[in-house]
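The values are calculated or read from the model by the stated rules, or taken from the named source; none is laboratory data. This structure is a prediction, so every number in the text was calculated from the model and none was measured. Positions of Cβ are backbone-derived with ideal geometry, glycine not excepted, and every protein chain shown enters the neighbour counts. Only protein heavy atoms, including side chains, enter the accessible area calculation; ligands, DNA and RNA are left aside. Shrake-Rupley method; radii C 1.70, N 1.55, O 1.52, S 1.80 Å.
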Amino acid sequence: MATPLPVLGFREWVVARGGLVSSIRGEPWPEAAARASCEIGHPAPADDCRCGIYAIESWPKIGDDRLYEEAATPMRLLAQGLLTAVVLAGLAALFAMDQPLVARGSWMPAFLIGAAMTLGLGAVVAADLAIMRPAYLMGAVLLSGRVLRYENGVLRAEHARIACLVRPIGVRRVLAASLAGRLGVPLFHWYERNQALRYLSEHGDPWERASASRSGD
Ligand SMILES: [Zn+2]
């Protein structure tokens, strides 16, 4: 049942304190290569179990619901945009309210309005920052050994090796670069899909994507 050639898949990881961990079960990925195991004790992945290293068989769409963190991204970006708009509107309102008071020398009311607004806006900024936690990274993996395939394009594999990491929109560049450096794999940014696909084509990518990327989908 082992695949004769590696299968290319795509997956995501959550960024934890010690590095990348799997997004659902929180298993650490200290190195580029990983091997599946099952707590029940059988070789992973098994047909009637949920074990194995998960990936999807193609480059994910924005908000792809076969992934976990990525599925929530459009809503997160919308919420972050709205919260940022609230902060900007709040600062404009604060300025409009305080300016006439300060001009008249009414320092106490100006201070109280300023303090109340700062508190409220601070809470909005905190919510804004909390939305993007935990940070996550996406990437292409070469799957080998036993690989199970499902109709929805989900794969469960025995072995996986990270071929490259992809920084999603909204995740800090420095953070992504340091994790890629630690694992010794190249990093591409979310807008560099074609460069990533070209890199994968040169490194044993079995996907036929040179033409797909040209058609611009
Ligand atoms: Zn199992």
Net +/- balance of residues flanking LEU129 in space, Cβ distance below 13 Å, scoring K and R +1, D and E -1: +2
What does DSSP give for the chain in terms of the percent of beta bridges that are antiparallel, rounded to the nearest 5? 90
Residues LYS61 and ALA85, FRET efficiency given R0 of 45 Å [Cβ-Cβ distance, rounded to 0.05]: 0.95
Just for the Cα atoms in segment 71-131, what are the lengths along the principal axes, largest first, rounded to whole Å? 52, 15, 8
Sites matching trypsin sites (Lys or Arg not before Pro) across segment 30-67 that sit in DSSP coil, with at most 13 neighbouring C-beta atoms within 10 Å: ARG50, LYS61
Pick out, in residue order, every one of the trypsin sites (Lys or Arg not before Pro) in segment 166-195 that is DSSP loop and has at most 16 other C-beta atoms within 10 Å; say none if there are none. ARG172
Relative contact order for segment 71-131: what percent, with Cα pairs under 8 Å and sequence separation of 6 or more? 50
With the full set of protein chains in place, find how many percent of the accessible area of segment 71-131 is carbon and sulfur; take the probe as 1.4 Å. 83
How many nm separate the modelled label positions at ARG50 and ALA16, each set 7 Å beyond the Cα in the direction of the Cβ? 1.7
Hey, what does the equivalent ellipsoid look like for the chain, semi-axes from the Cα gyration tensor as sqrt of 5 times each eigenvalue, largest first, whole Å? 46, 19, 14
Taking the chain as the reference, fit the longest principal axis to its C-alpha atoms, fit the long axis of helix 69-104 to the helix C-alpha atoms, and give the angle between the two in degrees, 0 to 90, nearest 10. 10
Between segment 105-150 and segment 34-62, how many Å separate their Cα centres? 31
What figure, in Å² to the nearest 10, do you get for the accessible area of PHE188 with a 1.4 Å probe and non-protein molecules left out? 30
Accessible surface ranking that places the most exposed of TYR199, TYR191 first, with a 1.4 angstrom probe: TYR191, TYR199
What do you reckon, how do TRP190, TRP13 stack up by accessible area (1.4 Å probe), largest on top? TRP190, TRP13
Sequence of MET97, MET117, MET75, MET138 when ordered by accessible area, the most exposed leading, probe 1.4 angstrom: MET75, MET97, MET117, MET138
Highest-MSF residue in the chain out of LEU142, LEU82, LEU183 [GNM, Cα springs under 10 Å]: LEU82
Describe numerically, in nm with one decimal, the distance between label points set 7 Å from Cα along Cα→Cβ at ARG25 and at ARG193. 3.0
Over segment 71-131, give the accessible area per residue in Å² for a 1.4 Å probe, as an integer. 63
